[in-house]
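Trainee: Before I ask anything, let me first share the structure, which is written out below as structure tokens.
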Amino acid sequence: MATPSNLVNSAELRVRLVCEELPARGFEKCDGLQDIRVDLQTKKCHEAGLMESPSSIAWETKLVAKTDAAGVTDFSGPAVHGKRGERFFYLSWSGESAGRRAMFRRAKIHLRDLTAAQIAKAGKTGQMLEARIHAVAKDGGPACASVPLLGGGWSVVRAPAGKGSDH
């Protein structure tokens with residue numbers, strides 16, 4: 001991790017993660033579980049997202065990007081996981097069985113494909129970094145493991161209408 005003596009740049013950024021194309025009927029009895037849902041896994045808890053349409057759910061979180069003198073960027077934040085050089089976000093799927101909620105799959109959204117230009121643009125303009133994933137895996141269950149990003153990868157977007165700059 002960059003130390004204060006070799007830190008060149010640090011930016012606190014807003015991130016929006018979107019899980020699209022949720023099945024209209026949900027995931028029925030996946031792995032014997034019911035009431036399947038997906039949450040953003042932070043270091044302290046699991047955070048519910050906001051439905052932005054009947055088939056997509058979104059989360060907002062913060063990300064700190066620190067670049068050292070060698071041009072290497074590292075990331076931190078309340079929902080950032082993984083070791084240096086391999087940071088990511090988790091979207092965790094859980095369901096109920098016998099009155100207990102249990103996590104059973106996680107989708108990894110990698111930060112390695114964020115470019116210096118995207119980080120700089122989001123930092124200068126106050127816009128958000130956004131990643132979109134497909135909700136359904138090849139097996140028909142919830143997306144899991146390292147998932148490809150939709151729309152060509154990370155993008156820099158304006159905050160959705162009704163969202164203030166402090167979210």
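Values in this text are rule-based calculations from the coordinates and carry no lab data. Just so you know, these numbers come straight off a predicted model, no measurement behind them. Here Cβ is always computed from backbone atoms with ideal geometry, including for glycine, and neighbour counts include all displayed protein chains.
Trainee: Between LYS121 and LYS43, what is the spin-label point distance in nm, taking each point 7 Å from the Cα along the Cα→C-beta axis?
Mentor: The two pseudo-label positions are separated by 3.0 nm.
Trainee: Give me, ordered by chain and number, the residues 5 or more places off ARG87 or on other chains with an amide H under 5 Å from its own placed amide H.
Mentor: The answer is LEU111.
Trainee: Cross-chain or 8 or more residues apart, Cα under 18 Å: how many lysine pairs in the chain fit that? Count them up, please.
Mentor: Total qualifying Lys-Lys pairs in the chain comes to 17.
Trainee: To continue, here is another question. Give me TRP93, TRP154 ranked fewest to most by other Cβ atoms within 10 Å of their Cβ, as a rough exposure proxy.
Mentor: TRP154, TRP93
Trainee: Give the share of C-alpha pairs in each 10 angstrom bin for the range 81-126, from 0 to the last occupied bin, in whole percents, shortest bins first.
Mentor: All Cα pairs considered, the percentages come to 22, 31, 25, 15, 6.
Trainee: Under a 10 Å cutoff between Cα atoms, tell me which one of LYS66, LYS43, LYS138 has the largest fluctuation in the Gaussian network model of the chain.
Mentor: Largest GNM mean-square fluctuation: LYS138.
Trainee: Can you give the % of DSSP beta bridges in the chain that are antiparallel, to the nearest 5?
Mentor: Of all bridge pairs located within the chain, approximately 85 percent are antiparallel.
Trainee: In addition: So if each residue of separation counts as 0.36 nm, and I subtract the Cα-Cα distance between ARG25 and GLU52, what length gain in nm does that give?
Mentor: So the extension gain works out to 8.1 nm.
Trainee: Additional query: Ignoring solvent entirely, what values of log10 I(q)/I(0) come out of the Debye formula for the range 7-157 at 0.17, 0.18, 0.19, 0.21 Å⁻¹ when each Cα is a single scatterer?
Mentor: Ignoring solvent entirely, the Cα scatterers give -0.94, -1.04, -1.14, -1.34.
Trainee: Now for a separate question. To the nearest 500 deg cm²/dmol, what mean residue ellipticity at 222 nm is calculated for the chain from DSSP H runs of n ≥ 4 alone, each contributing -39,500 (n - 2.57), summed and divided by the residues?
Mentor: Helix contribution divided over all residues of the chain: -2000 deg cm²/dmol.
Trainee: As an exercise, use a Förster radius of 25 Å and the Cβ-Cβ distance of LYS83 and ASP139 to find the FRET efficiency, rounded to the nearest 0.05.
Mentor: 0.30
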